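Take a look at the structure below.
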Amino acid sequence: MSRARVAALGLLLAACAGCEPPRQPPADPVEAGASPNARILPAPLASETPDLLDASAAEASAKLVSDDYGRLIMSEASQQSPLPLPPAAPLPEDTLPPRELSGVTLEAAFRWRDVPQPPKAPEVATAGLEAAQEVTGLTWKIDLAETGRMRVQFTSRALPLPSGSELRARHDVHGEALLWPGLTQYRVLPPGALRTLLGERRIDVTPLSSGSARPVGEGRRLEVDVRKVEVHASLGTLHLELGKMPEAGEGGPLLCRALMEILGVDPKSPECVAGEVPLHASYAWQGGGGVGFEVTSIARRTDLVSTDMLMPPPSAAFAAAGLPSAQGGVFLSRDELAAIRTGPLPLPASVDPGAPGEGFVAVNQTDALLYLLVDGIPAVAVPPMGERYVSGPQRGLYVVQWRTFLGDIIEPPQTVEMPARLVRSGADEEAANGG
């Protein structure tokens, strides 16, 4: 494509940058309150990065033109460094001809540590527990195209965003597009926003650093040769296993960038290279706790559909605010929770006047998004300073635990009688932080 044609396309995109999107996002989805990460971040969170490109400018728009393979056509000045996505402006139209792409499809899951086991009692129903664990596994399905595209599908009820949400990325920009289920809307995630999206269900920009990395050996995982890297940053340490997979091409670094971003490391990290795919990650936070990420299966592909990688897809309207609805944050139905016991225990009525007639009320008096696990199963996510009523658990003894999704807060488990009112107070948080 000639420079004149690129410039012309840039002017056309610039002229349309201020146009109204075809559909307005609903006013219902609202983000959480102030970020609780003040205790672990090296600096206060900002609402946007100060050096992001203005997508409404003619120069920027000209740089965001795609070729037939979905690669951005950029000026010589930007060839060496992908552009950071602007958070407050719609993305230019992305067009790809329908064709099949080579790459890989991964099944992966986040792994929580220190998850408590259910009590050892005859009324504990193993089949019911296994069924609940199956639908609340913290799973992603990830397509990585050799040409430098990534599509992440949220495939679990218990993730911070509802099942059917997606993340999309491309190798020639930094940041991601978050898609609503059904691909009706999208929101731009600038570099640094992925950590707060997953950890707090909000979009704030975590300050990024270059971090430091050192090799820690080699090995094999899922019959793939891996190199092992330890990455240090102000938020903690990441142990990463990068598998040699030439089929992933420029798609592999996109998953690596995302995992680095959760640690607060700049996506320009030299550890993220073409032909390698992260197969295992383990985070240890500076203040304690952590979380894991593991690829459980790999499928080499020659039939990835190019139009499934569009960023954004033509059906999605730009959303300047809000997130996909989490529908109350209760992950299991009444019947599914009842099925984790064979029957009720003949316990006396609760003396707590706040306890419901059945089930439990989960009360979160902290400024963090907290999960409550019941017998090791994610039952509900409670927003900061909020509470949720959950019906279904039969009268009896259960093991419960409060924690955050990324594991920077992991409370000791407790055995409780249900029905119950379960409170995680702000005083508990201050005590845990030495207050």
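Structure data summary
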quantity	calculated
Segment 188-342 shape via C-alpha gyration tensor axes, a/c threshold 1.5	rounded
Inter-centroid distance (Cα atoms) of segment 196-259 relative to segment 157-190, Å	19
Protection-proxy order for peptides 388-397, 119-128, 144-153, each taking the mean of Cβ atoms within 10 Å per residue, highest first	144-153, 388-397, 119-128
Segment 239-373: relative contact order in percent, alpha carbon pairs under 8 Å with at least 6 residues between	17
Protein-only accessible surface order, largest first, of Arg170, Arg301 at 1.4 Å	Arg301, Arg170
Radius 9 Å from Cβ of Arg195, net charge of other residues (Lys, Arg +1; Asp, Glu -1)	-3
Cα gyration tensor, segment 267-330 - rounded (a/c under 1.5), prolate or oblate	oblate
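The values are calculated or read from the model by the stated rules, or taken from the named source; none is laboratory data. Because the structure is predicted, anything quoted here is derived from the model rather than measured. Cβ atoms come from the backbone with ideal geometry, glycine included; neighbour counts cover every protein chain shown. Surface accessibility is based on the protein's heavy atoms, side chains included, excluding ligands, DNA and RNA. Shrake-Rupley method; radii C 1.70, N 1.55, O 1.52, S 1.80 Å.
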